[in-house]
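The values are calculated or read from the model by the stated rules, or taken from the named source; none is laboratory data. Keep in mind that this is a model prediction, so the values were computed, not measured. In this analysis, Cβ positions are derived from the backbone assuming ideal geometry, glycine residues included, and neighbour counts consider all displayed protein chains. With ligands, DNA and RNA removed, areas are computed over all heavy atoms of the protein, side chains included. Shrake-Rupley method; radii C 1.70, N 1.55, O 1.52, S 1.80 Å.
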Amino acid sequence: AQSVTQLGSHVSVSEGALVLLRCNYSSSVPPYLFWYVQYPNQGLQLLLKYTTGATLVKGINGFEAEFKKSETSFHLTKPSAHMSDAAEYFCAVSGGFNKFYFGSGTKLNVKP
Amino acid sequence: GAGVSQTPSNKVTEKGKYVELRCDPISGHTALYWYRQSLGQGPEFLIYFQGTGAADDSGLPNDRFFAVRPEGSVSTLKIQRTERGDSAVYLCASSKNLAGGLTDTQYFGPGTRLTVL
């Protein structure tokens, strides 16, 4: 079975500060991992995904995430937050048969 | 090009009524997913279509929920005898279903907000 845990339903950072959103997963098969972003009144949009190969994955808008199998983690980072990064972020895992499991989301607030 | 569209954007109904929610996927996407997102939660898988057939409907909560995709494009999620607990945002996503679909990028619609009074 697969599941995702996102630590921190709300994260607040200052503009220009490091963004770190945490995601831990559980999977009985080699996982494929995703981060999606949801802006208000918009659909979820893919930020990045890990399938195979390089464990450090770069996505859009300067975000990246590192797959750490030993820690069962896939944390999302961005070196310098922008006001436009304020949104809700979802981590997801797919483990088989086209079924995807999402975490409960982390709302990122960026303070000026 | 056009993204995934969902209609209506909002639906308010009374307990016990029947509702239909529509999803228009991106043209050429063979895979289509329905999710339900309750307040403060992430999307919860309901059903997955590959073409016209429901390849996995294990996420449907009970037999009041049903979905169809008769021509392999537009899909309709149908909810009978609605209950207040059905209130949520219903999301649709589509993907090209390359390489078996597990690594596909899903493209989400904006969702339909269902409120059952």
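Tell me, please, whether a residue that is over 13 Å from the mean Cα position of the chain (by Cα) and closer than 19 Å to B:Tyr33 by Cα can be found in the range A:58-76.
Taking every residue of the range A:58-76 in turn, none turns out to be over 13 Å from the mean Cα position of the chain (by Cα) and closer than 19 Å to B:Tyr33 by Cα.
Which residue pairs have Cβ atoms closer than 9 Å, lie 6 or more positions apart in sequence or on different chains, and pair a first residue in the range A:64-78 that is farther than 16 Å from A:Val19 by Cα and of a type in the set (Val, Ile, Thr) with a second residue that is at pLDDT 95 or above and exposed (fewer than 15 other Cβ atoms within 10 Å of the Cβ)?
none
Kindly state which strands (runs of 3 or more DSSP E) lie completely within the range B:1-110 and contain at least 2 residues that are crowded, with 16+ Cβ neighbours inside 10 Å and either within 14 Å of the chain's Cα centre (by Cα) or within 14 Å of chain A (Cβ to nearest Cβ) (or both).
B:5-7, B:19-24, B:31-37, B:44-50, B:53-56, B:65-68, B:75-79, B:88-95
Would you check if there is a residue in the range A:52-65 being hydroxyl-bearing (Ser, Thr, Tyr) and outside any loop (DSSP other than H, G, I, E, B)?
Scanning the range A:52-65, I find no residue that is hydroxyl-bearing (Ser, Thr, Tyr) and outside any loop (DSSP other than H, G, I, E, B), so the answer is no.
In the range A:58-106, how many residues are open to solvent by 50 Å² or more (accessible area, probe 1.4 Å), facing another protein chain (nearest Cβ under 10 Å) and of a type outside the set (Ser, Thr, Tyr)?
Within the range A:58-106, residues that are open to solvent by 50 Å² or more (accessible area, probe 1.4 Å), facing another protein chain (nearest Cβ under 10 Å) and of a type outside the set (Ser, Thr, Tyr) number 1.
Restricting attention to the range A:33-57, and to residues there that are among the aromatic types (Phe, Trp, Tyr) and buried (at least 17 other Cβ atoms within 10 Å of the Cβ), which single residue is farthest from the chain's Cα centre (by Cα)?
It comes out as A:Tyr50.
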